[in-house]
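The structure under discussion appears below in the form of structure tokens.
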Amino acid sequence: MNGNNTLKEIAEVLKSAKTVLLFPHVNADGDALGSCAALTRALLGLGVQCRILIEDKIADNLAFLDDGFTTFDGNIFGAAPDICVAVDNGEPDRFPKRKEVFYTGRTLVCIDHHPTSKPFADFNYIDPAAAATGEIVYDLICAMGAKVDKKIAEALFAAITTDCGNFQYSNTTRRTFEIACELMDTGFNLVEVSNAIYQNNPPQRIKLEAEIMGTMELCGDGKVAIAYVTQEMLRETGARLEDTDGIINVLRGIAGVEVAALFKENDEHKIKLSMRAKSYANVSEVAQEFGGGGHVRAAGCTLEMTMTEAIATMKPHIVNAVNK
Ligand code: 5GP
Ligand code: MN
């Protein structure tokens, strides 16, 4: 399968289905979940059964997006889904525990914006120019002829604001603002959504943030900030790994820092590395070299080694990326 289908084609395929199962990536972020929630609402409104299959608990600050849409049950429809859709990711390895269920779908669709994603499904729409998958889903919902109501607008706004750093990052385009304007026209409650996402930290997250900042190390002439979080730190603070989302931005926010790298020990004792660049470094290249991917300024990979080894291995590659 080469290249993209049109959104019209994908809209028609989705509308003709009886059952659609959506697959956000692991540790679903605002874009993955917001895009899935918006698509679910639109499809339900058109009489198509639609659910979001997840494999880990969703972050507390995104729970408002889930109106009973998410499930851990791959057999939720009692039969193979007509359509399975990879949302905000372009490879079933991004949802490892649900991969088998994905391939039971009679038709496979991929809707994504990661430049490292390749078309792999029966129908694909991958647009790296979109700041968020939520932008694509907005156009898709319009192509389906569904109405973008307040609840859909809320979900799409959540998708867009989280992926473009609330309209700060280089992926933000004229189109991003245009869609945001069209969402505003629905009259959704911007303050309520923004507060739910950004002003809603559990206290243990702030404690964890303090612990993580205690591990911070500057290298590469102060252009690289490295920090880590271990399972022990999670136990001590009572926080969850999902609570680390966004903490990396504090590291990147340091004056003179170009790349922030946060090493996270997951419950399988693998090290998940997140990287964020401020203005010029290509962290996607670093991630890809180690089997990961993402965007030029936001990327990640998983390392099967100890924390000490992971940091020692990656540090020269990250420093190299800021000195290119
Ligand atoms: P995060 O650091 O928030 O986990 O990820 C940053 C970006 O890189 C996201 O767009 C995410 O989808 C992507 N990403 C993170 N880890 C991986 C990975 O292991 N493989 C691929 N292909 N993309 C990743
Ligand atoms: Mn995204």
Filtering region 221-234 down to residues that are open to solvent by less than 20 Å² (accessible area, probe 1.4 Å) and touching a residue at least 60 places away in the same chain (Cβ under 8 Å) yields 224, 226
Expected single match for among the hydroxyl-bearing types (Ser, Thr, Tyr) and either within 16 Å of residue 252 (Cβ to Cβ) or touching a residue at least 12 places away in the same chain (Cβ under 8 Å) (or both) among 302, 313 is 302
The condition of being under 23 Å from residue 163 (Cβ atoms) and more than 16 Å from ligand 2 (Cβ to nearest atom) holds, among 87, 109, only for 109
In region 8-37, anything out of contact with any helix residue (DSSP H, G or I) (no Cβ under 6 Å at 6 or more places or on another chain), assigned to a helix (DSSP H, G or I) and charged (D, E, K, R) is listed as 9, 12, 15
TODO: Taking residue 106 as the residue in question, decide whether it is at pLDDT 95 or above, more than 14 Å from the chain's Cα centre (by Cα) and of a type in the set (Lys, Arg).
DONE: yes
By residue number, the members of region 267-295 that are within 11 Å of ligand 1 (Cβ to nearest atom), at pLDDT 95 or above and open to solvent by 30 Å² or more (accessible area, probe 1.4 Å) are 270, 272, 276, 288, 290, 291
| Does region 176-198 contain at least one residue that is touching a strand residue (DSSP E or B) at 6+ places or on another chain (Cβ under 6 Å) and either surrounded by 15 or more Cβ atoms within 10 Å (Cβ to Cβ) or over 25 Å from residue 318 (Cβ atoms) (or both)? | no
Restricting attention to region 303-322, the residues that are in a helix (DSSP H, G or I), closer than 12 Å to residue 265 by Cβ and open to solvent by less than 60 Å² (accessible area, probe 1.4 Å) number exactly 3
Q. Has region 156-171 got any residue that is outside the structural domain of residue 299 (by TED's automatic domain parsing), among the hydroxyl-bearing types (Ser, Thr, Tyr), touching a residue at least 60 places away in the same chain (Cβ under 8 Å) and under 13 Å from residue 31 (Cα atoms)?
A. yes
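Does residue 268 satisfy the condition of being farther than 22 Å from residue 235 by Cβ and either assigned by TED's automatic domain parsing to the domain that holds residue 240 or assigned to a loop (DSSP other than H, G, I, E, B) (or both)?
No, not satisfied.
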The residue from 302, 244 that alone is of a type in the set (Ser, Thr, Tyr), at pLDDT below 95 and within 15 Å of ligand 1 (Cβ to nearest atom) is 244
Per the list (1) surrounded by 23 or more Cβ atoms within 10 Å (Cβ to Cβ); (2) within 12 Å of ligand 2 (Cβ to nearest atom); (3) touching a residue at least 40 places away in the same chain (Cβ under 8 Å), residue check on residue 138 breaks on (2)
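Which residue is modelled with the lowest pLDDT, if the candidates are limited to region 32-63 and must be of a type outside the set (Gly, Ala, Ser) and within 16 Å of residue 196 (Cβ to Cβ)?
60
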Condition set away from ligand 1 (no atom under 15 Å from the Cβ) and among the polar types (S, T, N, Q), scope region 26-58, selection surrounded by the most Cβ atoms within 10 Å (Cβ to Cβ): answer is 40
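Residue by residue, here is whether (1) out of contact with any Ser or Thr (no Cβ under 7 Å at 6 or more places or on another chain); (2) among the hydrophobic types (A, V, I, L, M, F, W, C); (3) in contact (Cβ under 8 Å) with a residue 12 or more places away in the chain holds:
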| site | (1), (2), (3) |
| --- | --- |
| 25 | yes, no, yes |
| 28 | yes, yes, yes |
| 31 | no, no, yes |
| 39 | yes, yes, yes |
| 44 | yes, yes, no |
| 49 | no, no, yes |
| 52 | no, yes, yes |
| 57 | yes, no, yes |
| 61 | yes, no, yes |
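The values are calculated or read from the model by the stated rules, or taken from the named source; none is laboratory data. Note that the structure is predicted; figures quoted are calculated from it, not measured. Every residue, glycine as well, gets a Cβ built from its backbone with ideal geometry; the counts of neighbours run over all protein chains shown. Quick note on the areas: whole protein, heavy atoms, side chains included, nothing else; ligands and nucleic acids left out. Shrake-Rupley method; radii C 1.70, N 1.55, O 1.52, S 1.80 Å.
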